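Below is one structure, written out as structure tokens; the observations come after it.
The values are calculated or read from the model by the stated rules, or taken from the named source; none is laboratory data. All figures in this text were calculated on a predicted structure; none of them were measured in a lab. Cβ placement follows ideal geometry from the backbone for every residue including glycine, while neighbour counts extend to all protein chains displayed.
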Amino acid sequence: MQEQLLSYVKRFVQPTPEEAKYFLSLFKPGKYIKKQIVLQSGELCLVETFVVSGCLRSYMVDADGQIHIVQFAVANWWISDMESLIRDVPAKLTIDALADSEVLQITKADFENLLIKFPKFERMFRLMLSNAFISHQRRIIDNLSIPAMDRYLNFIKNHRDIEQLVPQHQIAAYLGMTPEFLSQIRRKLASEKFS
């Protein structure tokens, strides 16, 4: 598990053996079974989670009981309730496992100590956050400006790994549409493919 995380890190920075050893020592392994809650809304988010295998999702439930999925996280993705983690406020999101999952988690205190001791990791996390912000911004723009079918096509083009793991009703919730509407889109695409 730790080799996978270290391989991920090396996409951004090249730690010395001492830095790598210290970095990896801060992460605690964890396992979640399908449907297990990782973080419940209302609790404090105490860790940043790196997914080694499986699939986690973060979501909120509105006043009508409707689920709105904010993020899926598969292997080599990170997930948390960032506002709760950074500001020490109750989480607005719930995070659970959509499949049996293995993770590595780092606490906020350990993360801050890492950045003080080895500032090069700050560059890595800044680049990660920049990429995440761009992805979330693109998703918002797409949800506001492009037709539902194009949103779905973009999703399957960019997230084939997630599409294979996640039930269609979860994808519909992520894309902001009903499962029935997504089924109509998929039927239309299938009929066009065989026309």
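Here is how the numbers come out for the structure above:
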read-out: Close pairs from the range 101-115: first farther than 8 Å from GLY30 by Cα, partner part of a helix (DSSP H, G or I), Cβ under 7 Å, at least 6 apart; value: LYS108/LEU85; LEU114/PHE23; LEU114/PHE121; LEU115/PHE121; LEU115/GLU122
read-out: Cβ-Cβ under 6 Å pairs, at least 6 apart or on other chains, the range 17-42 side over 14 Å from ASP96 (Cβ atoms) and assigned by TED's automatic domain parsing to the domain that holds GLY65, far side surrounded by 12 or more Cβ atoms within 10 Å (Cβ to Cβ) and of a type in the set (Phe, Trp, Tyr); value: GLU19/PHE118
read-out: The range 1-25: number of residues that are surrounded by 15 or more Cβ atoms within 10 Å (Cβ to Cβ), more than 20 Å from the chain's Cα centre (by Cα) and of a type outside the set (Phe, Trp, Tyr); value: 5
read-out: Condition met for ARG139 (under 17 Å from the mean Cα position of the chain (by Cα), more than 19 Å from PHE72 (Cα to Cα) and in a helix (DSSP H, G or I)); value: no
read-out: Looking only at the range 55-104, and only at residues there that are surrounded by 14 or more Cβ atoms within 10 Å (Cβ to Cβ) and among the basic types (Lys, Arg), the one that is farthest from ARG160 (Cα to Cα); value: LYS92
read-out: Breaking point among (1) hydrophobic (A, V, I, L, M, F, W, C); (2) outside any helix (DSSP H, G or I); (3) in the same structural domain as SER25 (by TED's automatic domain parsing), for ILE116; value: (2)
read-out: Pairs, first free of Cβ contacts under 8 Å to residues at least 60 places away in the same chain in the range 58-69, second hydroxyl-bearing (Ser, Thr, Tyr) and in a loop (DSSP other than H, G, I, E, B), C-beta under 9 Å, six or more apart; value: SER58/SER80; MET60/SER41; VAL61/SER41
read-out: Residue check, ILE185 over 20 Å from the mean Cα position of the chain (by Cα), outside the structural domain of ILE95 (by TED's automatic domain parsing) and on the phi < 0 side of the Ramachandran plot; value: yes
read-out: Search result, residues across the range 45-70 that are under 24 Å from GLN105 (Cα atoms) and aliphatic (A, V, I, L, M); value: LEU46, VAL47, VAL51, VAL52, LEU56, MET60, ILE69, VAL70
